[in-house]
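These notes are about the structure you will find just below.
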Amino acid sequence: MIVQRSIVAPVALACSAAHGGILHTGFDAGLEGWVITNTIGAQWQGAGGNPGGYAHIDNTEQLIAYMFAPILFLGDLSRFDGGVLSFDAIQLGSGGGPWDNFENFGRVIIRSGATSASRDLVPGIVGPATNWTTYSASLTATEWGMNDAQWLALLSDVTSISLCVEGLFGPEINGVDNFTILPAPGASALMAAALALSARRRRPAV
């Protein structure tokens with residue numbers, strides 16, 4: 001399922017930090033470890049995001065442009081099975097035309113070694129909307145075209161997460177903000193309860 005919300009308030013999280021089981025980059029202190037390839041002007045902007053800073057991508061027609069997630073988003077992500085992956089995006093300028101390609105803007109690819117699963121979170125062939133919009137998809141085997149065993153094996157050892165930021169054939173300027181991975185509903189509460197119970201068990205008797 002793809003969910004879109006226009007001009008949304010971001011989740012109150014620390015930038016590029018794991019907080020309460022959530023993985024999040026708000027781009028408020030730079031690109032924060034993200035690597036952006038095959039563009040002429042990928043840079044950080046400290047204002048104009050949704051809100052605050054964002055990744056500003058000035059792209060003429062070269063090789064397909066991608067953003068690669070930092071180490072924060074890699075490793076064992078099995079706890080996010082059933083959760084949600086989302087990001088905010090905007091098209092700030094366009095000089096090219098529609099580009100109907102598998103690797104169009106919004107395709108997220110999750111890799112574990114030679115194994116991968118992908119999902120196009122931005123429908124259509126013209127890139128993101130011209131206002132800040134949130135795009136999201138459930139992190140389930142069905143949504144990503146795998147069976148349960150394949151999906152859990154993939155999430156257990158994620159070696160790369162990439163986001164295609166190539167929306168048009170020709171020049172374009174896009175922005176990306178608030179890349180977030182949320183656990184399944186209730187997972188954080190269960191984790192907090194388990195930690196609290198563990199702490200009580202360790203508390204010395206008085």
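Both numbers refer to the Cα atoms of the range 103-193; Rg and Dmax are 15.1, 52 Å.
Note on Leu72, Leu121, Leu63: ascending count of other Cβ atoms within 10 Å places them as Leu63, Leu72, Leu121, the fewest first. Annotation for the range 62-102: chymotrypsin sites (Phe, Trp or Tyr not before Pro) lying in DSSP loop with at most 11 further Cβ atoms inside 10 Å of their Cβ are Phe102.
Other residues lying with their Cβ under 14 Å from the Cβ of Thr130 contribute a combined charge of -2, Lys and Arg counting +1, Asp and Glu -1. For the pair Leu63 and Glu103 in one chain, pulling the backbone fully straight at 0.36 nm per residue adds 13.3 nm over the alpha carbon distance. With a simple spin-label model that places each label point 7 Å from the Cα along the Cα-to-Cβ direction, the separation between Ser94 and Thr130 comes to 0.8 nm. The local environment of Ile161, defined by Cβ-Cβ distances under 12 Å, has a net charge of +3 under the rule Lys, Arg +1 and Asp, Glu -1. Length gained on full extension, Asp157 to Ala47: 36.1 nm, using 0.36 nm per residue less the C-alpha separation. Averaging 1/r over every pair of different alpha carbons in the range 58-160 and inverting the result gives a Kirkwood radius of 14.9 Å.
Bear in mind that the values in this text are calculations on the coordinates, not laboratory data. The model shown is predicted, which means the values in this text are computed figures rather than measured ones. FYI the Cβ positions are ideal-geometry reconstructions off the backbone, even for glycines, and counts take in every protein chain you see.
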